[in-house]
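The values are calculated or read from the model by the stated rules, or taken from the named source; none is laboratory data. Keep in mind it's a predicted model, so treat the numbers as computed, not measured. Using ideal geometry, Cβ is built from the backbone for each residue, glycine included, and neighbour counts are taken over all protein chains shown.
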Amino acid sequence: MISRRTAGWIAAASGGRLVSGDPDQPAPKRAAIDSREIEPGDLFVGLRGQVDGGQFAAAALEAGAWGALVDPAHAAPLSGGDRPVIQAEDPLAALQNLARGWRREVGARVVGLTGSTGKTSTKDLLAALLRGAGLETHANRENLNTEIGLPLTILEADEGVEAMVLEMAMRGAGQIAELTAIAEPDVGLIVNVGPVHLELLGTIEAVAAAKAELIHDLRPGAACVVPAAEPLLEPHLRDDIETITFGEGGEVRLESFENGVARIDARGTQIELELSYSEPHNLSNTVAATAAAIALGVTPSGRVDVRFSSLRGQVVELGGGVTVVNDCYNANPMSMRAALDHLAATPAERRIALLGTMAELGPDGERYHRDIGRRAAELGVDVLITVGEEAVRFGDEFDGEKHAVATPEEARAILEELAMPGDRVLIKGSRSVGLERVVGASK
């Protein structure tokens, strides 16, 4: 991480003040916000929240922390020791400032990406494409993509990193702008726009505007990568940055996919990628990632060695010949439809959809749930298991075998009773439902 700098540099970059310790002391190896996970050499950052993290600074130092970044009230009792103590009025803002400073020191090319669905898989794919092209690449671990997780991600980057792929999450207006200000991307990628976070944002147009904060805040001369068939983003495009479109009708598009080989036309350049997956949504994500690589000046090729983040389409073979597609990290109407389409296209004796509530859909939530249930019926899903009160609406327009339960544990019991050799089971729902407990995942 930032170990080639000093405590004085850390204090200055964060906008804080060093109140204890040697300013010439070599900087820490990383930043951490949980005192229980402190390793020797870490900078502990005490964030305010439901629990004031600053109160654990002394314990973090006792556990071997390099030093602490805390507010004045917690810095005072720690001053006078030999460990660096940095005082900042707002420790979160200081953490973000420090991350921005380190991003500039590293000098890597940065892609910031967001989207209503598939952004984590696209992040994984883009990182794999860049590594395959020989670039030392750093990306978010799992879902470290918030106003806290993103700066921690940047501060984990080694000084030799040549590219960063930074996923940006949001629930409301202004949050993508905040993350863009920290990451200062060279390329902004919007994977798609769909009906998510409607409880806070109200309309899909407002969702598009929130995602487009990434475009709005790019520096002049940067590049943005957007879906070709997304009119909601057109009002937000800029003349002073390069725009690359992807998908059907775009400048980067999938021409064919046969025998595991994707042939992509990228602005007239023919690209062939060997893929270990075939889901239509991940083929689309691959095209988006290819477009972002092109925006960075990288032309990917060959085999794509990707390890997708956990709980996103993982295939698990259960005892008795039952196959489970564990895609329970999150769900919205777009991703739910794509997952059902893939379930229907995959050979199986029977297809079982175990679906949990899609959260944060606002007043139209019941309609979105009924639409998904209707789609499952149209695709010929054999059995529907719904989990949660709102998820019952999936069954309103599903006329096949269906079971409604309240908890993941009840769903697991139903599944153990119903599943037979040759069945394929899709497990998908919003993160708040906890469907990972159906198959005992620990994430």
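Scanning segment 340-364 for residues that are modelled with pLDDT of 90 or more and part of a helix (DSSP H, G or I) turns up 340, 341, 343, 344.
Table: residues versus (1) closer than 14 Å to residue 195 by Cβ; (2) of a type in the set (Asp, Glu); (3) surrounded by 15 or more Cβ atoms within 10 Å (Cβ to Cβ).
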residue: 328; (1), (2), (3): no, no, yes
residue: 347; (1), (2), (3): no, no, no
residue: 368; (1), (2), (3): yes, no, yes
residue: 384; (1), (2), (3): no, no, yes
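Just one of (1) at pLDDT 95 or above; (2) out of contact with any helix residue (DSSP H, G or I) (no Cβ under 6 Å at 6 or more places or on another chain); (3) surrounded by fewer than 23 Cβ atoms within 10 Å (Cβ to Cβ); (4) under 20 Å from residue 150 (Cβ atoms) fails for residue 100. It is (2). Does segment 39-59 hold any residues that are in contact with a strand residue (DSSP E or B) (Cβ under 6 Å, 6 or more places away or on another chain) and either part of a loop (DSSP other than H, G, I, E, B) or of a type in the set (Gly, Ala, Ser) (or both), and which are they? Passing the criteria: 46, 54, 57. Among the residues of this structure, residue 83 counts as one that is among the charged types (D, E, K, R), surrounded by fewer than 23 Cβ atoms within 10 Å (Cβ to Cβ) and in contact with a Phe, Trp or Tyr (Cβ under 9 Å, 6 or more places away or on another chain).
Taken over segment 408-421, the criterion of being touching a residue at least 12 places away in the same chain (Cβ under 8 Å), outside any loop (DSSP other than H, G, I, E, B) and aliphatic (A, V, I, L, M) is satisfied by 411, 414, 415, 418. Give all pairs with beta carbons closer than 9 Å in which a residue from segment 384-407 that is at positive phi meets a residue that is among the β-branched types (Val, Ile, Thr); count only pairs at least 6 apart in sequence or on separate chains. Pairs that qualify, where the first residue is at positive phi and the partner is among the β-branched types (Val, Ile, Thr), are 388/357; 388/405; 388/407; 388/433.
Checking every residue in segment 422-434 against the condition of being of a type in the set (Ser, Thr, Tyr), outside any strand (DSSP E or B) and either under 26 Å from the mean Cα position of the chain (by Cα) or buried (at least 19 other Cβ atoms within 10 Å of the Cβ) (or both) gives at least one match. When segment 183-228 is filtered for residues that are surrounded by fewer than 21 Cβ atoms within 10 Å (Cβ to Cβ), free of Cβ contacts under 8 Å to residues at least 60 places away in the same chain and not in a loop (DSSP other than H, G, I, E, B), the ones remaining, listed by number, are 204, 205, 206, 209, 216. The residues of segment 158-170 that are over 16 Å from residue 289 (Cβ atoms) and either surrounded by fewer than 18 Cβ atoms within 10 Å (Cβ to Cβ) or modelled with pLDDT of 95 or more (or both), listed by number, are 158, 159, 160, 161, 162. With respect to (1) in the same structural domain as residue 165 (by TED's automatic domain parsing); (2) touching a strand residue (DSSP E or B) at 6+ places or on another chain (Cβ under 9 Å); (3) crowded, with 24+ Cβ neighbours inside 10 Å; (4) part of a helix (DSSP H, G or I), the lone exception for residue 113 is condition (4).
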